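The values are calculated or read from the model by the stated rules, or taken from the named source; none is laboratory data. Note that the coordinates shown come from a computational prediction; the quantities given were computed from them, not determined experimentally. Using ideal geometry, Cβ is built from the backbone for each residue, glycine included, and neighbour counts are taken over all protein chains shown. In case anyone asks, the SASA skips ligands and DNA or RNA and just uses the protein heavy atoms, side chains included. Shrake-Rupley method; radii C 1.70, N 1.55, O 1.52, S 1.80 Å.
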Amino acid sequence: MSMPFYVAPEQVMKDRADYARKGIARGRSALALTYADGILLCAENPSSTLRKLSEIYDRIAFAGVGKYNEYDQLRIAGVRHADLKGYSYSREDVDARSLANVYAQYLGQIFTHEMKPLEVEILVAEIGDEPGHDQMFHIRYDGTMMDESRFVVVGGDSDAISERLEAVWQDNASLSVALGAAVNALAGPERTLQPGDLEVATLARGQARRAFQRLDDAAIGALLAPA
Amino acid sequence: MTLPLFSLSDDPGPSFAALVQRVGLRPPVPDTPLAADQIAHGTTVVAVRFADGVIMAGDRRATSGNLISHRSIEKVFPADSHSAVGIAGAAGPAIEMVRLFQLQLEHYEKVEGSRLSIEGKANQLGTMIRSNLPAAMQGLAVVPLFAGFDLRRNAGRLFQYDITGGRYEERDFAATGSGSLHAGTVVKLGYREALSRDAVLDLAIEALFQAADDDSATGGPDLMRGIFPVVATITAAGYERIADDDLAARTGQLLERLRSRRSPADQSGAESS
């Protein structure tokens, strides 16, 4: 009978984390930031059909980066979780925090117990009734969860993008100022991103029941045009 | 609650009804028939096509046997931004079916990233009525109407059902519930191709008024409490519920017209209207 080689648990976790990080770094990043009327979500995504951003519930949006099939499975599970919760209780009882929690539980479970971790990083955003009550959660491949009130960046390049966004972020910015800051942060100093390279959506306060709205290329172009 | 994840072989797909069944939230079917006076019933809904789309109108009464159980129940609901569903039959299961249908459409849109066609929505409702058949046999029948604006054809469309889920598209108008015979006749006599919004609103209000006049389970406009039918138009601009002020004014004009037919002094005026 052959004995498997002993591998230290630290080494196993480190290998898994490296594996997940490498997978995530292959894709482009996404971010969410608050602006005067709600939350703006923006991702670098040349595809107009394979989406990184999507609607979960009336006031809740989702962004995922990394391996498409994995974060899309999480997105659909999130829609199901929210719709089932709203159906068995009430629409008002569906909130981002509990959804982010179940995501974190699941990602943590997979990370510790399965051979292969999920190569994804996701963010869940919810707008509140008033400015200052917005919530954003950042959940990593290992189930680590962080909550933010200004902005969240997910993806392989998130540290550099966060730094650039930190430098220009301002409270109560208009939509076009916020979008300009987001696009510049995603692009970095050496590149410029065109509307066709971007996927943009908003969760706008005080609109219809379903707050999530996608912006098409024309709308993005108009917002980014110098005033 | 944990994250609802399924293996590939038993994934419920974009169907919310299948998901609800899968997680065991569906109510059991009663094994003995329920008497009509044990449960609330909703009745009359009419839908009429007009120049801009479709209008749907439903009275506000629910009855349990010979008693009035609710005076302000609503029977016309938006199914999504461009369609409406009107219900008749056992009120509890009917309202539950509407809730599930609304979620079914929204859930599909979110999961798939695109909307169902209007045919697809009508078929979905048919499937839900079909799956209610065992309950219908125990006295919990639900017979809805479905109307929507078809953005691909740029026209209003309406669908009628039977309790087996049979789906029948109607060209001009449809009615359901105990007052549907009377309401349908009024609409039939007053119907013209491509009626204006004004004309079709008055026609729908009169249809419900006349149904309430002859059917005890249909409620007329309640002027004392200020309760009017739920009337909504579904056009290219979407679902729009008509405000009570407008309905009150139109009901006032209708009463005036009907009164003038009965007063000998106004005989000439009545003939010209």
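Please give the helix A:9-25 orientation as an angle from the longest Cα principal axis of chain A, in degrees from 0 to 90, rounded to the nearest 10. Compared with the principal axis, the helix lies near 30 degrees.
Each 5 Å bin from zero up to the one holding the largest Cα-Cα distance in chain A carries the following percent of pairs: 1, 7, 14, 19, 19, 15, 11, 6, 3, 2, 1, 1, 0, 0, 0. Take every pair of alpha-carbon atoms less than 8 Å apart whose residues are at least six positions apart; their mean separation over the length of region B:36-258 yields a relative contact order of 29 percent.
Computed with a 1.4 Å probe over protein heavy atoms only, the accessible surface of the protein assembly as shown comes to 47 Å² per residue.
Dividing the C-alpha radius of gyration of region A:30-148 by 2.2 N^0.38 Å, with N its residue count, gives 1.03.
For region A:26-221, the relative contact order comes to 31 percent (Cα pairs under 8 Å, sequence separation of at least 6). Working note: Cα atoms of the protein assembly as shown, range along each principal axis, descending, whole Å: 99, 68, 38.
Shielding by partners for B:104-111, please: the mean number of other protein chain Cβ atoms within 10 Å of each residue's Cβ.
Details: counts 1, 0, 7, 6, 0, 3, 14, 7.
Per residue, the average neighbour count from other chains is 5.
Overall size of region A:136-197 from C-alpha positions, given as principal axis extents largest first: 33, 26, 21 Å.
Applying 1/(1 + (r/R0)^6) with r as the Cβ-Cβ distance of residue B:5 and residue A:160 and R0 = 35 angstrom yields a FRET efficiency of 0.60. The alpha carbons of region B:35-129 stretch over 46, 32, 19 Å along the principal axes, in descending order.
Here the simple spin-label model places points 7 Å from the Cα toward Cβ, and for residue A:11 and residue A:69 these points are separated by 3.0 nm. Can you work out the PRE-style zone for residue B:185? Point 7 Å along Cα to Cβ, and I want the residues of region B:209-239 with backbone N under 13 Å. Answer for region B:209-239: B:210-215.
Give me the extension gain from residue B:197 to residue B:260: residue separation times 0.36 nm, minus the current Cα-Cα distance, reported in nm with one decimal.
Details: separation 63, 0.36 × 63 = 22.68 nm, distance 2.43 nm.
So the extension gain works out to 20.3 nm.
Taking every Cα-Cα distance in region B:73-127 and sorting them into 10 Å bins starting at zero, the pair-distance distribution P(r) comes out as 23, 57, 19, 2 percent. Any chance you could give the angle, 0 to 90 degrees and rounded to 10, that helix B:118-131 forms with the longest Cα principal axis of chain B? Here the helix axis deviates by roughly 70 degrees. The mean count of C-beta atoms from other chains within 10 Å of the C-beta of residues in A:71-79, rounded to a whole number, is 4.
Thinking of chain B as a set of Cα atoms, what percent of all their pairs are more than 31 Å apart?
On the way: 10784 of 37128 pairs.
Distances greater than 31 Å cover 29 percent of the Cα pairs.
Take region A:84-181, compute every pairwise Cα distance, and split them into 5 Å bins from 0; I just need the percent in each bin. The percentages, shortest bin first, are 2, 12, 17, 19, 18, 15, 10, 5, 2, 0.
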